[in-house]
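Please read the structure below before turning to the comments.
The values are calculated or read from the model by the stated rules, or taken from the named source; none is laboratory data. Please read all numbers here as calculations on a predicted model, not as lab measurements. Positions of Cβ are generated from backbone atoms using ideal geometry, with glycine treated the same way; all protein chains shown enter the neighbour counts.
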Amino acid sequence: MIKLFLPLLTLIATTSGSLLARYVLYLKKENRILRDRTPGEIHTKPHERAQLLKYGKPLGRVINELITIVTPGTFHRWLREEKRGRKREPVGRPGKSAVLRELILKIARETGFGYTRILGALRKLGISQICRPTVKNIVKEEGIEPSPKRSTGTWDQFLKTHSETLWACDFFTKRAVTRRGLVDLYVLVFMHLETREVFATPSTRNPDSAWVTEQTKAFVNCVADRDEKPTFLIHDRDTKFSTEFKQFLKNNGIKPKMLPIRSPNLNARVERFVQTIKYEALNHFIAFGKTHLDYLVSEFVDYYNKHRAHSSREYLPPCCVEPSPEFETIKLDEIHCVEHLGGLIKSYERIAA
(Lines give C-alpha, C1' and ligand atoms only; values in the text may rest on other atoms or scores of the structure.)
Protein backbone atom coordinates (compact mmCIF):
# COMPACT_ATOMS: atom_id res chain seq x y z
CA MET A 1 0.00 0.00 0.00
CA ILE A 2 2.88 2.37 0.84
CA LYS A 3 4.37 1.79 -2.61
CA LEU A 4 1.13 2.94 -4.20
CA PHE A 5 1.26 6.30 -2.45
CA LEU A 6 4.98 7.04 -2.85
CA PRO A 7 4.65 8.41 -6.41
CA LEU A 8 1.76 10.65 -5.32
CA LEU A 9 3.67 11.93 -2.26
CA THR A 10 6.75 12.58 -4.38
CA LEU A 11 4.62 14.46 -6.91
CA ILE A 12 3.05 16.65 -4.24
CA ALA A 13 6.40 17.35 -2.58
CA THR A 14 8.01 18.48 -5.83
CA THR A 15 5.04 20.43 -7.20
CA SER A 16 4.78 24.17 -7.10
CA GLY A 17 1.81 25.81 -5.42
CA SER A 18 0.28 26.96 -8.68
CA LEU A 19 0.57 23.54 -10.27
CA LEU A 20 -0.92 21.88 -7.21
CA ALA A 21 -3.83 24.30 -7.38
CA ARG A 22 -4.45 23.24 -10.98
CA TYR A 23 -4.46 19.59 -9.86
CA VAL A 24 -7.09 20.38 -7.24
CA LEU A 25 -9.16 22.32 -9.77
CA TYR A 26 -9.10 19.39 -12.18
CA LEU A 27 -10.16 16.93 -9.47
CA LYS A 28 -13.00 19.27 -8.46
CA LYS A 29 -14.29 19.42 -12.03
CA GLU A 30 -14.01 15.67 -12.45
CA ASN A 31 -15.84 15.09 -9.19
CA ARG A 32 -18.59 17.48 -10.25
CA ILE A 33 -19.11 15.58 -13.53
CA LEU A 34 -19.36 12.28 -11.67
CA ARG A 35 -21.72 13.79 -9.10
CA ASP A 36 -24.01 15.23 -11.80
CA ARG A 37 -24.38 11.74 -13.26
CA THR A 38 -25.53 10.33 -9.92
CA PRO A 39 -29.28 11.01 -9.70
CA GLY A 40 -30.99 11.77 -6.42
CA GLU A 41 -29.57 12.01 -2.93
CA ILE A 42 -26.64 9.95 -1.70
CA HIS A 43 -27.40 8.47 1.72
CA THR A 44 -24.18 8.07 3.66
CA LYS A 45 -23.62 5.41 6.28
CA PRO A 46 -22.09 6.11 9.72
CA HIS A 47 -18.62 4.84 8.79
CA GLU A 48 -18.70 6.90 5.58
CA ARG A 49 -19.65 10.06 7.51
CA ALA A 50 -16.79 9.37 9.91
CA GLN A 51 -14.33 9.28 7.01
CA LEU A 52 -15.67 12.51 5.53
CA LEU A 53 -15.38 14.23 8.91
CA LYS A 54 -11.87 12.91 9.49
CA TYR A 55 -10.51 14.31 6.24
CA GLY A 56 -12.83 17.31 5.95
CA LYS A 57 -12.33 18.95 9.36
CA PRO A 58 -8.71 19.99 8.74
CA LEU A 59 -9.80 21.88 5.60
CA GLY A 60 -11.92 24.37 7.51
CA ARG A 61 -14.17 26.56 5.38
CA VAL A 62 -12.50 25.30 2.20
CA ILE A 63 -14.73 22.25 2.51
CA ASN A 64 -17.65 24.39 1.32
CA GLU A 65 -16.07 24.61 -2.12
CA LEU A 66 -15.08 20.95 -2.33
CA ILE A 67 -17.88 18.86 -0.91
CA THR A 68 -20.50 17.57 -3.35
CA ILE A 69 -21.75 14.32 -1.83
CA VAL A 70 -23.87 16.38 0.62
CA THR A 71 -24.48 20.09 1.10
CA PRO A 72 -22.00 22.13 3.17
CA GLY A 73 -24.77 22.73 5.69
CA THR A 74 -25.19 19.00 6.24
CA PHE A 75 -21.45 18.58 6.73
CA HIS A 76 -21.31 21.36 9.36
CA ARG A 77 -24.32 19.84 11.13
CA TRP A 78 -22.38 16.56 11.36
CA LEU A 79 -19.53 18.53 12.94
CA ARG A 80 -21.83 20.08 15.54
CA GLU A 81 -23.38 16.70 16.38
CA GLU A 82 -19.94 15.18 16.75
CA LYS A 83 -18.86 17.93 19.16
CA ARG A 84 -22.01 17.43 21.24
CA GLY A 85 -21.26 13.72 21.31
CA ARG A 86 -24.66 12.55 20.19
CA LYS A 87 -25.93 10.62 17.23
CA ARG A 88 -28.19 12.05 14.59
CA GLU A 89 -31.80 12.05 15.73
CA PRO A 90 -34.30 10.49 13.33
CA VAL A 91 -36.57 12.99 11.58
CA GLY A 92 -40.25 12.41 10.83
CA ARG A 93 -42.45 9.53 11.88
CA PRO A 94 -41.04 6.70 14.01
CA GLY A 95 -39.55 3.89 11.93
CA LYS A 96 -41.14 0.49 11.58
CA SER A 97 -40.35 -2.14 14.16
CA ALA A 98 -37.04 -3.95 13.94
CA VAL A 99 -38.82 -7.29 13.46
CA LEU A 100 -40.85 -6.02 10.51
CA ARG A 101 -37.74 -4.46 8.98
CA GLU A 102 -35.83 -7.74 9.27
CA LEU A 103 -38.76 -9.60 7.71
CA ILE A 104 -38.79 -7.24 4.71
CA LEU A 105 -35.02 -7.62 4.23
CA LYS A 106 -35.30 -11.40 4.61
CA ILE A 107 -37.92 -11.58 1.84
CA ALA A 108 -35.88 -9.24 -0.39
CA ARG A 109 -32.66 -11.27 -0.03
CA GLU A 110 -34.21 -14.72 -0.33
CA THR A 111 -36.60 -14.09 -3.21
CA GLY A 112 -35.34 -11.19 -5.29
CA PHE A 113 -38.88 -9.74 -5.19
CA GLY A 114 -39.51 -6.13 -6.15
CA TYR A 115 -41.09 -3.65 -3.75
CA THR A 116 -44.66 -4.42 -4.85
CA ARG A 117 -44.25 -8.19 -4.52
CA ILE A 118 -42.67 -7.78 -1.10
CA LEU A 119 -45.69 -5.69 -0.10
CA GLY A 120 -47.97 -8.44 -1.44
CA ALA A 121 -46.12 -11.06 0.60
CA LEU A 122 -46.61 -8.93 3.72
CA ARG A 123 -50.31 -8.57 2.99
CA LYS A 124 -50.64 -12.37 2.74
CA LEU A 125 -49.06 -12.57 6.18
CA GLY A 126 -51.71 -10.22 7.56
CA ILE A 127 -49.42 -7.17 7.78
CA SER A 128 -51.28 -4.15 6.43
CA GLN A 129 -49.87 -1.18 8.35
CA ILE A 130 -47.12 -0.50 5.84
CA CYS A 131 -47.02 1.04 2.37
CA ARG A 132 -44.90 0.49 -0.73
CA PRO A 133 -42.68 3.62 -0.24
CA THR A 134 -41.76 2.39 3.24
CA VAL A 135 -40.81 -1.02 1.85
CA LYS A 136 -38.76 0.72 -0.83
CA ASN A 137 -36.93 2.90 1.72
CA ILE A 138 -36.09 -0.05 3.96
CA VAL A 139 -34.68 -2.10 1.08
CA LYS A 140 -32.70 0.83 -0.37
CA GLU A 141 -31.24 1.82 3.02
CA GLU A 142 -29.80 -1.69 3.30
CA GLY A 143 -28.11 -1.28 -0.10
CA ILE A 144 -30.12 -4.03 -1.81
CA GLU A 145 -30.51 -3.39 -5.52
CA PRO A 146 -33.96 -3.07 -7.16
CA SER A 147 -35.56 -6.27 -8.39
CA PRO A 148 -34.34 -6.33 -12.04
CA LYS A 149 -30.72 -6.20 -10.85
CA ARG A 150 -31.33 -8.98 -8.34
CA SER A 151 -33.45 -11.30 -10.44
CA THR A 152 -30.48 -13.14 -11.96
CA GLY A 153 -29.23 -14.09 -8.49
CA THR A 154 -25.70 -14.37 -7.18
CA TRP A 155 -23.18 -16.98 -8.23
CA ASP A 156 -23.56 -18.75 -4.87
CA GLN A 157 -27.32 -18.91 -5.39
CA PHE A 158 -26.79 -20.39 -8.85
CA LEU A 159 -24.48 -23.08 -7.43
CA LYS A 160 -26.91 -23.99 -4.65
CA THR A 161 -29.94 -24.05 -6.95
CA HIS A 162 -28.35 -26.32 -9.56
CA SER A 163 -25.88 -28.27 -7.40
CA GLU A 164 -27.58 -31.66 -7.94
CA THR A 165 -27.01 -31.53 -11.70
CA LEU A 166 -24.13 -29.04 -11.90
CA TRP A 167 -20.65 -30.13 -13.02
CA ALA A 168 -17.50 -28.16 -13.66
CA CYS A 169 -14.31 -28.90 -15.59
CA ASP A 170 -10.77 -27.64 -15.87
CA PHE A 171 -7.26 -28.70 -16.92
CA PHE A 172 -4.16 -29.39 -14.93
CA THR A 173 -0.65 -30.35 -16.05
CA LYS A 174 2.12 -32.59 -14.80
CA ARG A 175 5.64 -32.70 -16.21
CA ALA A 176 6.71 -36.22 -17.13
CA VAL A 177 10.02 -37.85 -18.10
CA THR A 178 9.96 -39.51 -21.52
CA ARG A 179 12.48 -40.79 -24.05
CA ARG A 180 12.21 -37.40 -25.73
CA GLY A 181 12.95 -35.55 -22.50
CA LEU A 182 10.62 -33.63 -20.21
CA VAL A 183 7.12 -33.01 -21.55
CA ASP A 184 3.97 -31.44 -20.09
CA LEU A 185 1.00 -33.81 -19.97
CA TYR A 186 -2.53 -32.41 -19.67
CA VAL A 187 -5.46 -33.93 -17.79
CA LEU A 188 -9.07 -32.75 -18.02
CA VAL A 189 -11.06 -33.02 -14.79
CA PHE A 190 -14.85 -33.02 -14.39
CA MET A 191 -16.35 -32.53 -10.91
CA HIS A 192 -19.90 -32.86 -9.58
CA LEU A 193 -20.22 -29.79 -7.39
CA GLU A 194 -22.74 -31.24 -4.92
CA THR A 195 -20.96 -34.50 -4.07
CA ARG A 196 -17.39 -33.52 -5.16
CA GLU A 197 -17.18 -36.68 -7.26
CA VAL A 198 -14.40 -36.44 -9.84
CA PHE A 199 -14.01 -37.87 -13.33
CA ALA A 200 -10.48 -37.51 -14.76
CA THR A 201 -9.50 -38.18 -18.37
CA PRO A 202 -6.38 -39.94 -19.66
CA SER A 203 -3.52 -37.48 -20.16
CA THR A 204 -2.27 -36.08 -23.45
CA ARG A 205 0.55 -33.96 -24.81
CA ASN A 206 -1.74 -32.17 -27.27
CA PRO A 207 -4.99 -31.03 -25.63
CA ASP A 208 -6.60 -29.58 -28.75
CA SER A 209 -10.33 -28.95 -29.17
CA ALA A 210 -10.91 -32.34 -30.83
CA TRP A 211 -9.35 -34.14 -27.85
CA VAL A 212 -11.46 -32.09 -25.41
CA THR A 213 -14.65 -32.99 -27.28
CA GLU A 214 -13.64 -36.67 -27.32
CA GLN A 215 -13.02 -36.67 -23.55
CA THR A 216 -16.31 -34.87 -22.97
CA LYS A 217 -18.11 -37.65 -24.87
CA ALA A 218 -16.47 -40.19 -22.56
CA PHE A 219 -17.61 -38.19 -19.53
CA VAL A 220 -21.20 -37.91 -20.81
CA ASN A 221 -21.30 -41.67 -21.48
CA CYS A 222 -20.01 -42.30 -17.96
CA VAL A 223 -22.88 -40.38 -16.33
CA ALA A 224 -25.60 -41.28 -18.85
CA ASP A 225 -27.27 -43.91 -16.62
CA ARG A 226 -27.61 -41.70 -13.55
CA ASP A 227 -30.92 -40.50 -12.17
CA GLU A 228 -29.59 -36.93 -11.86
CA LYS A 229 -27.98 -36.28 -15.22
CA PRO A 230 -25.84 -33.16 -15.71
CA THR A 231 -27.73 -30.07 -16.85
CA PHE A 232 -24.94 -27.48 -16.59
CA LEU A 233 -21.18 -27.69 -17.14
CA ILE A 234 -18.97 -24.82 -15.96
CA HIS A 235 -15.81 -24.14 -17.95
CA ASP A 236 -13.37 -21.27 -18.42
CA ARG A 237 -12.69 -19.30 -21.58
CA ASP A 238 -9.94 -21.57 -22.92
CA THR A 239 -10.20 -21.78 -26.72
CA LYS A 240 -10.01 -25.57 -26.49
CA PHE A 241 -13.63 -25.45 -25.32
CA SER A 242 -14.69 -25.03 -28.93
CA THR A 243 -18.01 -24.62 -30.71
CA GLU A 244 -18.09 -28.41 -31.34
CA PHE A 245 -17.60 -29.01 -27.61
CA LYS A 246 -20.50 -26.69 -26.72
CA GLN A 247 -22.76 -28.08 -29.42
CA PHE A 248 -22.14 -31.64 -28.25
CA LEU A 249 -23.15 -30.67 -24.72
CA LYS A 250 -26.32 -28.96 -25.93
CA ASN A 251 -27.24 -32.00 -28.02
CA ASN A 252 -27.08 -34.07 -24.83
CA GLY A 253 -29.18 -31.68 -22.76
CA ILE A 254 -26.24 -30.01 -20.98
CA LYS A 255 -25.91 -26.24 -21.03
CA PRO A 256 -22.29 -24.98 -21.12
CA LYS A 257 -21.70 -22.20 -18.60
CA MET A 258 -18.66 -20.15 -19.60
CA LEU A 259 -17.00 -18.14 -16.83
CA PRO A 260 -16.30 -14.41 -17.07
CA ILE A 261 -12.80 -13.18 -17.88
CA ARG A 262 -10.22 -13.61 -15.09
CA SER A 263 -12.55 -15.29 -12.61
CA PRO A 264 -10.82 -18.46 -11.31
CA ASN A 265 -12.65 -18.12 -7.97
CA LEU A 266 -15.92 -18.97 -9.72
CA ASN A 267 -14.51 -22.42 -10.44
CA ALA A 268 -12.85 -22.72 -7.04
CA ARG A 269 -13.94 -26.28 -6.23
CA VAL A 270 -12.24 -27.79 -9.26
CA GLU A 271 -9.22 -25.55 -8.64
CA ARG A 272 -9.13 -26.91 -5.08
CA PHE A 273 -9.17 -30.49 -6.34
CA VAL A 274 -6.23 -29.72 -8.65
CA GLN A 275 -4.33 -28.37 -5.65
CA THR A 276 -5.25 -31.45 -3.61
CA ILE A 277 -4.14 -34.04 -6.18
CA LYS A 278 -0.86 -32.22 -6.69
CA TYR A 279 -0.04 -31.65 -3.02
CA GLU A 280 -1.18 -35.05 -1.75
CA ALA A 281 -0.03 -37.23 -4.64
CA LEU A 282 1.59 -35.99 -7.85
CA ASN A 283 4.22 -33.75 -6.25
CA HIS A 284 5.60 -36.85 -4.49
CA PHE A 285 6.25 -38.73 -7.75
CA ILE A 286 8.32 -38.41 -10.89
CA ALA A 287 5.96 -39.40 -13.69
CA PHE A 288 7.68 -41.62 -16.24
CA GLY A 289 5.53 -41.06 -19.28
CA LYS A 290 1.81 -40.99 -20.03
CA THR A 291 0.97 -44.50 -18.79
CA HIS A 292 2.57 -43.88 -15.40
CA LEU A 293 0.81 -40.52 -14.94
CA ASP A 294 -2.56 -42.01 -15.94
CA TYR A 295 -2.07 -44.71 -13.29
CA LEU A 296 -1.22 -42.14 -10.58
CA VAL A 297 -4.22 -39.98 -11.44
CA SER A 298 -6.58 -42.96 -11.65
CA GLU A 299 -5.47 -44.31 -8.27
CA PHE A 300 -5.83 -40.96 -6.55
CA VAL A 301 -9.26 -40.28 -8.11
CA ASP A 302 -10.45 -43.72 -6.92
CA TYR A 303 -9.23 -42.90 -3.40
CA TYR A 304 -10.72 -39.40 -3.59
CA ASN A 305 -14.17 -40.62 -4.67
CA LYS A 306 -14.47 -43.64 -2.38
CA HIS A 307 -12.39 -42.93 0.72
CA ARG A 308 -11.48 -39.26 1.22
CA ALA A 309 -13.81 -37.51 3.69
CA HIS A 310 -15.17 -34.04 2.85
CA SER A 311 -16.25 -31.60 5.53
CA SER A 312 -18.84 -30.04 3.19
CA ARG A 313 -20.56 -33.46 3.01
CA GLU A 314 -20.48 -34.12 6.76
CA TYR A 315 -17.24 -36.06 6.26
CA LEU A 316 -18.62 -38.51 3.71
CA PRO A 317 -16.64 -39.47 0.60
CA PRO A 318 -18.17 -38.24 -2.69
CA CYS A 319 -19.52 -41.66 -3.70
CA CYS A 320 -20.86 -42.50 -0.23
CA VAL A 321 -24.58 -41.84 0.21
CA GLU A 322 -25.18 -42.79 3.86
CA PRO A 323 -22.87 -42.45 6.88
CA SER A 324 -21.44 -45.51 8.57
CA PRO A 325 -23.42 -46.92 11.50
CA GLU A 326 -22.43 -45.78 14.96
CA PHE A 327 -20.39 -48.18 17.12
CA GLU A 328 -20.46 -47.99 20.89
CA THR A 329 -17.05 -49.58 21.32
CA ILE A 330 -13.73 -49.23 19.50
CA LYS A 331 -11.38 -52.19 19.08
CA LEU A 332 -8.09 -51.53 17.36
CA ASP A 333 -7.94 -55.01 15.85
CA GLU A 334 -11.19 -54.24 13.97
CA ILE A 335 -9.67 -51.18 12.22
CA HIS A 336 -7.92 -51.91 8.94
CA CYS A 337 -5.49 -49.52 7.21
CA VAL A 338 -5.87 -49.34 3.42
CA GLU A 339 -2.84 -48.07 1.51
CA HIS A 340 -3.07 -46.15 -1.75
CA LEU A 341 -0.33 -45.19 -4.18
CA GLY A 342 2.22 -47.47 -2.57
CA GLY A 343 1.39 -46.37 0.96
CA LEU A 344 1.74 -42.63 0.32
CA ILE A 345 -1.93 -42.17 1.24
CA LYS A 346 -3.80 -44.19 3.86
CA SER A 347 -7.44 -44.62 4.74
CA TYR A 348 -9.11 -46.66 7.49
CA GLU A 349 -12.02 -49.09 7.45
CA ARG A 350 -13.68 -51.48 9.86
CA ILE A 351 -13.15 -55.16 9.13
CA ALA A 352 -16.44 -56.77 8.15
CA ALA A 353 -17.81 -59.09 10.82
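Among residues of region 234-264 being in contact with a helix residue (DSSP H, G or I) (Cβ under 8 Å, 6 or more places away or on another chain) and assigned to a helix (DSSP H, G or I), the one that is farthest from residue 193 (Cα to Cα) is 244.
Residues in region 258-285 that are basic (Lys, Arg) and either touching an Asp or Glu at 6+ places or on another chain (Cβ under 8 Å) or without any contact (Cβ under 8 Å) to a residue 12 or more places away in the chain (or both): 262, 272. Scanning region 197-209 for residues that are more than 23 Å from residue 310 (Cα to Cα) and touching a residue at least 24 places away in the same chain (Cβ under 8 Å) yields 202, 203, 204, 205, 207, 208, 209.
Scanning region 209-227 for residues that are in a loop (DSSP other than H, G, I, E, B) and surrounded by 13 or more Cβ atoms within 10 Å (Cβ to Cβ) yields a single hit, 223.
Test of understanding: among 298, 242, 312, 324, which residue is more than 30 Å from residue 351 (Cα to Cα) and either more than 24 Å from the chain's Cα centre (by Cα) or surrounded by fewer than 16 Cβ atoms within 10 Å (Cβ to Cβ) (or both)? Working first, answer last.
Values: 298 fails: more than 30 Å from residue 351 (Cα to Cα); 312 fails: more than 30 Å from residue 351 (Cα to Cα); 324 fails: more than 30 Å from residue 351 (Cα to Cα).
It is 242.
Only one residue in 49, 101 is surrounded by 11 or more Cβ atoms within 10 Å (Cβ to Cβ), of a type outside the set (Phe, Trp, Tyr) and modelled with pLDDT of 85 or more. Which one? Just a single option satisfies the conditions, and that option is 101. Considering 33, 42, the condition of being β-branched (Val, Ile, Thr), assigned to a helix (DSSP H, G or I) and at pLDDT 70 or above is satisfied by 33 alone.
Considering the conditions (1) closer than 24 Å to residue 253 by Cβ; (2) at pLDDT 90 or above, residue 194 is excluded by exactly one of them, (2). Scanning region 182-195 for residues that are of a type outside the set (Asp, Glu) and in contact with a Ser or Thr (Cβ under 7 Å, 6 or more places away or on another chain) yields 185, 186, 187, 188, 193. Per the conditions (1) farther than 25 Å from residue 243 by Cβ; (2) among the small types (Gly, Ala, Ser); (3) modelled with pLDDT of 95 or more, the sole criterion not satisfied by residue 181 is (3).
Which one is farthest from residue 204 (Cα to Cα), of the residues in region 286-315 that are in contact (Cβ under 8 Å) with a residue 24 or more places away in the chain and outside any helix (DSSP H, G or I)? If we take residues in region 286-315 being in contact (Cβ under 8 Å) with a residue 24 or more places away in the chain and outside any helix (DSSP H, G or I), then 310 is farthest from residue 204 (Cα to Cα).
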